[in-house]
1. For A303, indicate whether it is aliphatic (A, V, I, L, M), on the phi < 0 side of the Ramachandran plot and in a helix (DSSP H, G or I).
2. Within segment 138-163, work out how many residues are in a loop (DSSP other than H, G, I, E, B), farther than 23 Å from P102 by Cα and modelled with pLDDT of 80 or more.
3. If we scan segment 285-294, do we find a residue that is farther than 16 Å from L48 by Cβ, in contact (Cβ under 8 Å) with a residue 12 or more places away in the chain and in a loop (DSSP other than H, G, I, E, B)?
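The values are calculated or read from the model by the stated rules, or taken from the named source; none is laboratory data. Just so it is clear, the model here is predicted, and its values are computed rather than measured. Cβ sites come from the backbone with ideal geometry, for glycine too, and all protein chains shown count toward neighbours.
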Amino acid sequence: MSFAVSRAREPEAGASLIEAVVALGLSLALAAGLFTLVAPVQSLTRSLPELADVSQRMRYGFNRLHRDLRDVGYGLDDQSTIAPSGVWLPVLVPYRLGLRAPSAPHRAAGSSSLSLLRRAAGSSSRLTASLVDGPSPEVALEPRPGCGPTCGYGVGDLVLISDDQGRWEIFRVRGRAASSLSLDRLHPTRTAFAPGARVRRVHLDHYYRDAARDQLRHYDGWRADFPLVEGVAAFRIRLLAVQVASSEPCQSTSGDAVHALVELEWSALGDGPWCGPAEHPRDADLRRVRAVHVTLRMQAGDAYRGRDPRLFAMPGRVALAHHQVPDLTLGFRVTPPNLGGP
């Protein structure tokens, strides 16, 4: 007799519908979590070039302003000090100088405009051999051994003429010949100089912010006016000065306590006493300036700016924070060595 043994059939391996739904849900949740982490990284990667551009523009603006502020007033006499024979020269003024300067008799000082005067590198001082007078004078130069006919002066150069009586003015070289220069006045003045006045080649640098185009621009005192840095949300200067009282406000001072600096109020630069020619006066308080504090604020393009006024001087149209590049602000102070008086 034989017996047949029946065995229970084992269930086939696999997953139930519920298990599949749970696994799919977990996979979707994990993918969503990864996406929330990757998306900001991708947005940051897209904004990094804009951030680098803002930083580069800030670096260039700082280097240019710091260099020229450090050298302001340099080399305006043969001893590389601020003035010839102790005469005060306002080589740093908070308004425009040059051919395109405002026609107002008293220049209106402002916190977003700065003109600097310094001697051109490699230039040599000459003495005039003739009277310097009129709007377009022809100036004979005294011979100087080893200096050539015009001693390096070229057409288009700016030159400063000054004398020991405290008179000075800026001219532009219109033409040159053997030992003579043809000049045009940069400002509508009538100052005359006797033979023996000094001639020096100089640079005039005027920096200002163009609010309509958000640019920091540079003007050379004649006709060249071009953008230096784009995307400038703010350019502000503060003048730091010593407190000096003098019976001769238009004369240079020495021995000032440079550590006791106070911020010069803008109203102090519009009330006199006035120094220089009547057609182009300078407020005597400018002689007290010893340091300049500059604030630069750079902004990204509109596609990277948000609406938070704490981060953006000019609001943009970006809502997501990780798509934004906040404004970059830098403040720095320069104490030019040639502003301390002879």
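1. yes
2. Matching residues across segment 138-163 total 5.
3. Scanning segment 285-294 turns up no residue that is farther than 16 Å from L48 by Cβ, in contact (Cβ under 8 Å) with a residue 12 or more places away in the chain and in a loop (DSSP other than H, G, I, E, B).
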